[in-house]
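Q: Here's a structure for you.
The values are calculated or read from the model by the stated rules, or taken from the named source; none is laboratory data. Everything quoted here is computed from the prediction, not taken from an experiment. Because the Cβ atoms are built from the backbone with ideal geometry, glycine has one as well, and the counts that use them run over all protein chains shown. The area values use the complete protein model at the heavy-atom level, side chains included, leaving out ligands, DNA and RNA. Shrake-Rupley method; radii C 1.70, N 1.55, O 1.52, S 1.80 Å.
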Amino acid sequence: MKTLLITIPIRPTPSEFPPIGLLSIMQAMRKAGINNFEFYNIDGNRPSYKDALKYIIRANPDIVFISAVVSTSYSYTKNITQDIRSSLPNVLIVLGGSMAASAEILLKRTNVDICVTGEGEITNCNVIKQFSKTRDIKDLVNIRGIVMLIDNRLINTGYEEQISKEHVYDIDWEDLEKSSDINQFMVPAFNREGEACAWFKNDQRTYEPHRKNKTVASLPCSKGCIAKCTFCHRFTSGIRYIPNEIIEQRIVQLIKKYNVGFISIVD
């Protein structure tokens, strides 16, 4: 059972923000004993559409997991799922990320088979394990955290239990390093003209001599929200703060491995 995980282009140019959600799912899969998977970072690497499709078809996966963060991914998702289905009619196409909030539209107007609502760390592993046994999409109906169509009827299985704060965003940076140019995400703190990154340029400590050649990394320290903004939605309940000692370990790792001297807290 081979699984291919892909990101979808979000904006015209790649972002410096790493695909934290998908990296977290990959680590969860590994912990669950699922190792036959590959990560194809379309958003980060920006191959042509033709090349991306060729790569996916050549990989010939049993399951394709699509990480679609926002609605700007919709058109690409619609096109590529249609083309994947044409060449790989038996592949299971699963979509997660915030765009899964529009599950009904995705299931009815694209070739997505399942939308993962909420966190994917547990749900995706359960989907892989079950699908490897039967290859029948109807047998996935007892897995929590998905929305699917069965006989043109929308089925929502509710939410899977949230992971603990200690396991939130537990990623392996090497997964990103192997699939992408890591320098896209660990960016220099100063440009060629010596100007500091906008996030830190007004802090005098930025210009201390020992920080001159350091890089900037994005690191989340919590997950969730307790606001009630009408323009937003969220799949998770409340907010979980990653324990300080774990954050410290993650920062130390970034410092040692990627010469990080500045942390952007992406909460």
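Q: Restricting the search to the stretch 9-30, which residues are at pLDDT 95 or above and more than 21 Å from residue 265 (Cβ to Cβ)?
A: Listed by number, the residues that qualify are 25, 26, 28, 29, 30.
Q: Only residues in the stretch 180-198 that are under 11 Å from residue 260 (Cβ atoms) count as the first member; pair them with residues that are open to solvent by 30 Å² or more (accessible area, probe 1.4 Å) and among the basic types (Lys, Arg), Cβ under 7 angstrom, at least 6 apart or cross-chain, and list the lot.
A: Taking only residues 6 or more apart or on different chains, the pairs are 189/211; 189/214.
Q: Taking the stretch 215-248, which residues are basic (Lys, Arg), without any contact (Cβ under 8 Å) to a residue 40 or more places away in the chain and either in contact with a helix residue (DSSP H, G or I) (Cβ under 9 Å, 6 or more places away or on another chain) or in a strand (DSSP E or B) (or both)?
A: At the first step, the residues of the stretch 215-248 found to be basic (Lys, Arg) are 223, 228, 234, 240.
Filter again for without any contact (Cβ under 8 Å) to a residue 40 or more places away in the chain, leaving 228, 234.
Passing the criteria: only 234.
Q: Right, another one. Answer yes or no: is there a residue in the stretch 186-200 that is hydrophobic (A, V, I, L, M, F, W, C), open to solvent by less than 60 Å² (accessible area, probe 1.4 Å), closer than 18 Å to residue 255 by Cα and not in a loop (DSSP other than H, G, I, E, B). If you could, list the steps in order and put the result at the bottom.
A: Initially, the stretch 186-200 is screened for residues hydrophobic (A, V, I, L, M, F, W, C), giving 186-187, 189-190, 196-200.
Going one step further and asking which of them are open to solvent by less than 60 Å² (accessible area, probe 1.4 Å), we end up with 186-187, 189-190, 196-197, 200.
Now drop any that are not closer than 18 Å to residue 255 by Cα, which leaves 186-187, 189-190, 197, 200.
Adding the requirement that they be not in a loop (DSSP other than H, G, I, E, B) leaves 187, 190.
Yes, because at least one residue in the stretch 186-200 is hydrophobic (A, V, I, L, M, F, W, C), open to solvent by less than 60 Å² (accessible area, probe 1.4 Å), closer than 18 Å to residue 255 by Cα and not in a loop (DSSP other than H, G, I, E, B).
Q: Looking at residue 10, is it in a loop (DSSP other than H, G, I, E, B) and touching a residue at least 40 places away in the same chain (Cβ under 8 Å)?
A: Values: in a loop (DSSP other than H, G, I, E, B): yes; touching a residue at least 40 places away in the same chain (Cβ under 8 Å): yes.
Here the answer is yes, as residue 10 does meet what is asked.
Q: Shifting gears a bit: Quick check on the stretch 28-38. Is at least one of its residues crowded, with 17+ Cβ neighbours inside 10 Å, touching an Asp or Glu at 6+ places or on another chain (Cβ under 9 Å) and aromatic (Phe, Trp, Tyr)?
A: Step one: filter the stretch 28-38 for residues crowded, with 17+ Cβ neighbours inside 10 Å, giving 28-29, 34, 37.
Still in the list and also touching an Asp or Glu at 6+ places or on another chain (Cβ under 9 Å): 28-29.
Still in the running and aromatic (Phe, Trp, Tyr): none.
Among the residues of the stretch 28-38, not one is crowded, with 17+ Cβ neighbours inside 10 Å, touching an Asp or Glu at 6+ places or on another chain (Cβ under 9 Å) and aromatic (Phe, Trp, Tyr), which makes the answer no.
Q: While we're on this one: Out of the stretch 248-257, which residues are over 24 Å from residue 202 (Cα atoms) and buried (at least 18 other Cβ atoms within 10 Å of the Cβ)?
A: Within the stretch 248-257, the first condition is being over 24 Å from residue 202 (Cα atoms), and the residues that meet it are 248-250, 252-253, 256-257.
Matches in the stretch 248-257: 250 only.
Q: Residues being at positive phi and touching a strand residue (DSSP E or B) at 6+ places or on another chain (Cβ under 9 Å): count how many of those fall in the stretch 32-59.
A: Count: 0.
Q: A further question on this structure: Whether any residue in the stretch 117-137 is surrounded by 19 or more Cβ atoms within 10 Å (Cβ to Cβ), over 25 Å from residue 35 (Cβ atoms) and in contact with a helix residue (DSSP H, G or I) (Cβ under 7 Å, 6 or more places away or on another chain) is what I want to check.
A: yes
Q: To continue, here is another question. If you go through the stretch 141-163, how many residues are in contact with a strand residue (DSSP E or B) (Cβ under 8 Å, 6 or more places away or on another chain), without any contact (Cβ under 8 Å) to a residue 24 or more places away in the chain and not hydrophobic (A, V, I, L, M, F, W, C)? Don't jump to the end; show me each part of the working.
A: Quick first cut of the stretch 141-163, residues in contact with a strand residue (DSSP E or B) (Cβ under 8 Å, 6 or more places away or on another chain) only: 141, 145-149, 154-157, 162.
Now drop any that are not without any contact (Cβ under 8 Å) to a residue 24 or more places away in the chain, which leaves 141, 155, 157.
When the remaining residues are screened for being not hydrophobic (A, V, I, L, M, F, W, C), the result is 157.
Residues meeting the conditions: 1.
Q: Just for the stretch 101-116: of the residues that are among the aliphatic types (A, V, I, L, M) and without any contact (Cβ under 8 Å) to a residue 40 or more places away in the chain, which one is surrounded by the most Cβ atoms within 10 Å (Cβ to Cβ)? Spell out the reasoning first.
A: Within the stretch 101-116, the subset among the aliphatic types (A, V, I, L, M) is 101, 103, 105-107, 112, 114, 116.
Those still in the list that are without any contact (Cβ under 8 Å) to a residue 40 or more places away in the chain too: 105-106, 114, 116.
Details: 105: 15, 106: 25, 114: 30, 116: 26.
Out of the qualifying residues, it is 114.
Q: For the stretch 207-240, give me each residue that is at pLDDT 90 or above and among the polar types (S, T, N, Q).
A: 213, 215, 218, 222
Q: Residue 227 - would you say it is closer than 22 Å to residue 17 by Cα and either of a type in the set (Asp, Glu) or open to solvent by less than 50 Å² (accessible area, probe 1.4 Å) (or both)? Walk me through how you get there before you give the answer.
A: Values: closer than 22 Å to residue 17 by Cα: no; either of a type in the set (Asp, Glu) or open to solvent by less than 50 Å² (accessible area, probe 1.4 Å) (or both): yes.
Considered against the rule, which asks whether it is closer than 22 Å to residue 17 by Cα and either of a type in the set (Asp, Glu) or open to solvent by less than 50 Å² (accessible area, probe 1.4 Å) (or both), residue 227 comes out as no.
Q: Just one of the numbered conditions (1) among the polar types (S, T, N, Q); (2) under 24 Å from residue 77 (Cα atoms); (3) in a helix (DSSP H, G or I) is not true of residue 111; which one?
A: Evaluating residue 111 over (1) among the polar types (S, T, N, Q); (2) under 24 Å from residue 77 (Cα atoms); (3) in a helix (DSSP H, G or I) leaves (3) as the failure.
Q: Within the group 212, 257, which residue is basic (Lys, Arg), more than 15 Å from residue 20 (Cβ to Cβ) and in contact (Cβ under 8 Å) with a residue 60 or more places away in the chain?
A: On the way: 212 fails: in contact (Cβ under 8 Å) with a residue 60 or more places away in the chain.
Going through 212, 257 in turn, the sole match is 257.
Q: Also, quick follow-up: If I filter the stretch 39-61 for residues that are of a type in the set (A, V, I, L, M) and in a loop (DSSP other than H, G, I, E, B), do I get at least one hit? Steps first, please.
A: Of the residues in the stretch 39-61, the ones of a type in the set (A, V, I, L, M) are 42, 52-53, 56-57, 59.
Of the ones still in play, those that are also in a loop (DSSP other than H, G, I, E, B) are none.
No, every residue in the stretch 39-61 fails to be of a type in the set (A, V, I, L, M) and in a loop (DSSP other than H, G, I, E, B).
Q: Further question on the same structure: Among the residues of the stretch 58-68, is there at least one that is at pLDDT 95 or above and loosely packed, with under 14 Cβ neighbours inside 10 Å?
A: Yes: one or more hits.
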